[in-house]
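The values are calculated or read from the model by the stated rules, or taken from the named source; none is laboratory data. Just so it is clear, the model here is predicted, and its values are computed rather than measured. Positions of Cβ are generated from backbone atoms using ideal geometry, with glycine treated the same way; all protein chains shown enter the neighbour counts. Accessible surface areas use protein heavy atoms only, side chains included; no ligands, DNA or RNA. Shrake-Rupley method; radii C 1.70, N 1.55, O 1.52, S 1.80 Å.
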Amino acid sequence: MMVLIMTTAVITTKAQVPYFASTVGDGKLYGYTSLKVRPSINAQETYTTFQYGLGNYTALGLDLYTGVGHNYAGYLFRAGYKFNKRFGIGGQITPSFDLSNNFKFSYLTSALYMNGAISKDGNFFWCSNTWWGVNDGADNTLTNWEYLGYSIPLKNGHSVTPMVGAIHSWMFDQDVDIAVGIYYSIKSWNIYLWGNDFLKDHPRIVVGVDFAL
């Protein structure tokens, strides 16, 4: 049961901030790191990933997740293609290993990313992330995140983007969760403030930053 709880937490950690179809680009480096807290309880988490573009449509990378008493490392392969501004599709596969247990295989995470513009100018957009977790010694998981976002242009090429989304399992065997967040874009950098589980006793707050260089 503890393995299942922690695996579900890891997948939730990865998916909470929305992912988009496109990869970072040929020869470019993408990095993202975040801190997750649940105020008033001891439940700190971190998630960090680095991804390097191999061509315009694929990337290889490394994931690192830490929680209270849990540490995992994963190796990822990612691919994606934007057909037009209305629709792009991508995917990722990441086997992860327990750093606290002789690098034992723990879970395999597969993801399907889709997104596209709703408005003509592209500022109003949709995003869907589907996550399939195959777990060693626990039930598999299949969850989905759907988001709507609106990018508000600011001066000097900056922008701010609020988003709202629904989080649910494909079996709909538990209450649908709501996630809301906002990110501020400064050239090649984004700063995130996100949250979910607002109807529970201990909501989760996420602060993160990413870059593409």
- Enumerated strands (runs of 3 or more DSSP E) restricted to the stretch 25-74, each holding at least 2 residues that are without any contact (Cβ under 8 Å) to a residue 60 or more places away in the chain: 45-53, 58-67
- Message: Filter the stretch 105-131 down to the residues that are over 23 Å from residue 50 (Cβ atoms), open to solvent by 30 Å² or more (accessible area, probe 1.4 Å) and in contact with a strand residue (DSSP E or B) (Cβ under 7 Å, 6 or more places away or on another chain) and list them by number.
- Response: 114, 118, 123, 124, 126
- Message: Among the residues of the stretch 82-102, are any among the aliphatic types (A, V, I, L, M), within 27 Å of residue 204 (Cβ to Cβ) and open to solvent by 20 Å² or more (accessible area, probe 1.4 Å)?
- Response: yes
- Message: Against the condition open to solvent by 30 Å² or more (accessible area, probe 1.4 Å) and at pLDDT below 95, how does residue 139 come out, does it pass?
- Response: yes
- Message: Six or more apart or on different chains, Cβ atoms under 7 Å: show the pairs whose first residue is in the stretch 193-213 and assigned to a strand (DSSP E or B) and at pLDDT 95 or above and whose second is surrounded by fewer than 15 Cβ atoms within 10 Å (Cβ to Cβ) and small (Gly, Ala, Ser).
- Response: 211/188; 212/188
- Task: With the condition kept exactly as written, say whether any residue in the stretch 164-179 is farther than 28 Å from residue 39 by Cα, outside any strand (DSSP E or B) and modelled with pLDDT under 95.
- Result: yes
- Determine the pairs where a residue that is free of Cβ contacts under 8 Å to residues at least 60 places away in the same chain, located within the stretch 129-142, has a partner that is among the aromatic types (Phe, Trp, Tyr) with Cβ atoms under 6 Å apart, the partner being 6 or more residues away or on another chain. 142/132; 142/170
